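In what follows, a single structure is set out as structure tokens and then discussed.
Only the coordinates and a few stated rules stand behind these numbers; no lab work does. As the structure is a prediction and not an experimental result, all values here were calculated from the model. Positions of Cβ are generated from backbone atoms using ideal geometry, with glycine treated the same way; all protein chains shown enter the neighbour counts.
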Amino acid sequence: MTKPPFWRDQRFWYIAGQLIAVFVVAIVVTILLSNLSRNLQQLGLQFGFDFLNQQASFDIGETVVSYQPSDTYSRALWVGLVNSLRIAITGIILTTIVGVFAGVARLSDNWLVRNIALIYVEIFRNTPLLLQLLFWYFAVFLTFPKTENKISIWGLVGFSQNGIQLPWFTLSPEFSTLLLGLTLYTGAFITEIVRGGIQSVSRGQWEAARSLGLKPVLIMRLVIFPQALRVIIPPLTSQYLNLTKNSSLAIAVGYPDLYFVASTTFNQTGKAVEVMLLLTLTYLILSLTISLVMNWFNRTVQIKER
Amino acid sequence: MTKQLIWLRKNLFSTWYNSILTVICLVLLFWVVRGLLIWATTQAQWAVIQVNLRLFLVGRYPQNEYWRIWIVLAIASILGAITAGVFLGTQRLTRRIVSIFAVIFGLLIIVFPVDLISRLWLFLIAALLIPGYWLGAKLTKLVSPWLSLIWLLSFPVILWLIGGGFGLQSVSSNLWNGLLLTLLMAAVSIVLSFPIGILLALGRTSNLPVIRWFSIFYIEIIRGVPLIGILFLAQVMLPLFLSSDVRLDRVLRAIAGLVLFSAAYMAENIRGGLQNVSRGQVEAAKALGLNTPFLVILIVLPQALRAVIPAIVGQFIGLFKDTSLLSLVGLVELTGIARSILAQPQFIGRYPEVYLFIGLIYWVFCYSMSLASRRLERQLNNN
């Protein structure tokens, strides 16, 4: 019996395929990097993170932690990150409330409630988030009256050009726009996820709960929702990730989030590669954290099998 | 009791809290609709739309080359009609849909403030839709295997018609604006990201660890970063990574960014399809003696791709919406042209009108695509 030629051998391709892949990637990366270093040299730029310790000398409109233009770029980026976290965390909380609320409304036995929820979903899901943000900012918030004659709802919430006034603090128009836009946009997607999750619970569970004499609200809270969560959480996680990433659209309305500060930093220093690396790394860490937390949460609601 | 009363009783006033909800909703609806109507009829100045309609649709594309855009629209419409015929031809409901479309088209032709030539073109295209649909429905068996190929081949033709060259006067990509650019960017990006997505998905499910890790690395990095960051990367950093004698214009760089981005998501969609192909299929093909490339191309991919068509349509909708971000990196697509129209001194502050109008355009496209995708899903499930 003759030995088959070596290119017929799976073991050969197992090694060769990987070697070829490494080789191709290595060549491409080398070419790109050599181009990069040549181009940077031509531009007179040097790779390095020293700029982080230089004075930022630009102002940031809205800060939670203290910041002055005389602070360093690293401090400015930190301020941006805190602002991003602020919008992401409040956004995730609010959008969950909106999504669950509208998701339950989508299945209401009241025709009007059901269809209003449907209209909400179809409008907000099928238009770009950026457009919604621009609309809220330019067509809504900036057309509100001046602070002196703000629109007040029972003296609790006030709407004016300076943003939303709550009894104990004020939200800037930029923050309000971003929060409102992200919440309503992501909420529309979460609505459908929640609806799908609730519908995935078998009808028998409803009937069993009803025959025990539970009220509808309790059926939802004690029987249906815990089971629906198993279906809901994985897609919900990716919506949280989307919300966090989409918060970078803050730049369109001028809310100083991480991306906003990073792009100002780039404009002033020209350090495109370094800024981009930092930005990528930070967003990756953010995404990873959300994924980890949600995966842990997911494990706690799954059916425990022995 | 009449039928309507029974319906009202059952759907709106079944319990006391449902009655309260109904009343609250009615008050809210009344308040919103009244406000909107008052605004739209008394305060809004729709002249900004009327005057700039051309800008919204095709931007600064040279006027004496408009016929090329019309031909592009005609090609896309006929192909669309044929495709619809192939997929929906067997269904009954179509007559109602056709009449709805006819009404919408008629309204468009009559209501839209366009000149006579445009109206004639619109009418011609509308007339072409019917034989296209009929062709698709009658010759389903003959046409359907070639459908994707025809679409793919129409693509360079459309690009040539828009861009010119080879006998046509060339039109710089700076002049492709408005809705035209939005549609073009979305279509080009999804088509180009498709093969890359397939490769990445195969890479991620490969049993060669090095290739698998490269794919995972790429996919997860891209999916972890916001699109605006990737577009920025493409606009600012791509030239840095390329040799200095390669000059890409703004549109090409934006396409590169969108493709880099979209391919990672496409890969995840296709991976879902690959996992959907049962092991038995692979084993059967192996038993027939097919080697890996044939196994993948002939057996696995056709089944995998079929399963993820709805997901891909979903991604296309997402990408279509995401093209609005291009306005942030200096492209003049639909959102970009809206910004430049709002900068005209006579239309300062007309934000609600302009944003509602382009919002409507986006909405019509996205909603009809999601309807189509839902239908397609049902169709694929039935088969």
Reduced to Cα centres, the span from the range B:289-342 to the range B:47-92 in Å works out to 20
Solvent-free Debye scattering, log10 I(q)/I(0), computed from the Cα coordinates of the range A:99-222 at q = 0.15, 0.18 Å⁻¹: -0.83, -0.98
Could you line up A:TYR283, A:TYR255 from fewest to most neighbouring Cβ atoms inside 10 Å? A:TYR283, A:TYR255
At q = 0.11 Å⁻¹, base-10 log of I(q)/I(0) for chain B (Debye sum, equal scatterers on each alpha carbon): -1.01
With only Lys, Arg, Asp and Glu charged, each at its Cβ (+1 for the first two, -1 for the last two), find how big the charge dipole of the protein assembly as shown is about the Cα centre; round to the nearest 20 debye. 2280
Determine which lysines satisfy two conditions relative to A:LYS146: a Cα distance under 25 Å, and not lying fewer than 8 residues away in the same chain. none
Of every Cα-Cα pair in the range A:4-118, the percent that sits beyond 23 Å: 70
When B:LYS286, A:LYS215 are ranked with the fewest other C-beta atoms within 10 Å first, the list becomes A:LYS215, B:LYS286
Rounded to the nearest 20 debye, dipole of the range A:168-306 from Cβ charges on Lys, Arg, Asp, Glu: 700
Based on the Cα coordinates of the range A:182-306, what is the per residue volume of their convex hull in Å³? 120
Identify, among A:VAL25, A:ILE15, A:ASN53, the residue whose Cα sits farthest towards the positive end of the charge dipole of the range A:1-72, taking +1 on the Cβ of Lys and Arg and -1 on the Cβ of Asp and Glu, with the dipole about the Cα centre. A:ILE15
Can you pull the Kirkwood radius for the protein assembly as shown, inverse mean 1/r over Cα pairs, to one decimal in Å? 28.4
Please report, in cubic angstrom per residue, the volume enclosed by the convex hull of the alpha-carbon atoms of the range B:158-232. 124
From fewest to most C-beta neighbours within 10 Å, the residues A:TYR185, B:TYR218, A:TYR240 line up as B:TYR218, A:TYR240, A:TYR185
Inside 10 Å of the C-beta atoms of A:37-50, what's the mean count of C-beta atoms belonging to other chains? 1
Grab the DSSP H runs of chain B that are 4 residues or longer, score each as -39,500 (n - 2.57), total them, divide by all residues and round the 222 nm result to the nearest 500 deg cm²/dmol. -24000 deg cm²/dmol
Relative contact order of chain A (C-alpha contacts under 8 Å, at least 6 apart) in percent is 20
Based on Cα positions only, what radius of gyration and what Dmax would you give for the range A:7-60, in angstroms? 20.8, 66
Take each uninterrupted DSSP H stretch in chain A, measure its Cα extent along the helix axis, and return the ones at 30 Å or beyond whose mean Kyte-Doolittle hydropathy is at least 0.5. A:10-43, A:73-106, A:173-200, A:272-301
Cross-link reach list, lysines versus A:LYS271, counting only Cα pairs under 29 Å and skipping chain neighbours closer than eight places: A:LYS245
Treating only the Cβ atoms of Lys and Arg (+1) and Asp and Glu (-1) as charged, compute the dipole magnitude of the range A:237-306 about its Cα centre; round to the nearest 20 debye. 300
Which residue, chosen from B:VAL157, B:SER19, B:LEU371, occupies the Cα position most advanced towards the positive end of the dipole of the protein assembly as shown, where the dipole is computed from +1 (Lys, Arg) and -1 (Asp, Glu) charges on Cβ about the Cα centre? B:SER19
Here the whole-number average of other chain Cβ atoms within 10 Å per Cβ of B:219-231 is 6
How about B:LYS321: which aspartates and glutamates have a C-alpha closer than 15 Å to its C-alpha, ignoring those fewer than 8 places off in the same chain? A:GLU122, B:GLU333
The relative contact order of chain B, taking Cα pairs under 8 Å that sit 6 or more residues apart, comes to a percentage of 19
Report the per residue volume, in Å³, of the convex hull enclosing the C-alpha atoms of chain A. 255
Among the complete DSSP H segments of chain B, which ones combine at least 20 Å of alpha-carbon extent along their axis with a mean Kyte-Doolittle hydropathy of -0.5 or more? B:16-38, B:66-88, B:94-111, B:116-138, B:147-163, B:178-205, B:209-224, B:250-276, B:351-382
With chain B treated as a Gaussian network of Cα nodes joined by springs under 10 Å, which of B:ILE150, B:ILE361, B:ILE49 yields the largest mean-square fluctuation? B:ILE150
Evaluate peptide A:276-283: per residue, the Cβ atoms of other protein chains within 10 Å of its Cβ; return the mean as an integer. 4
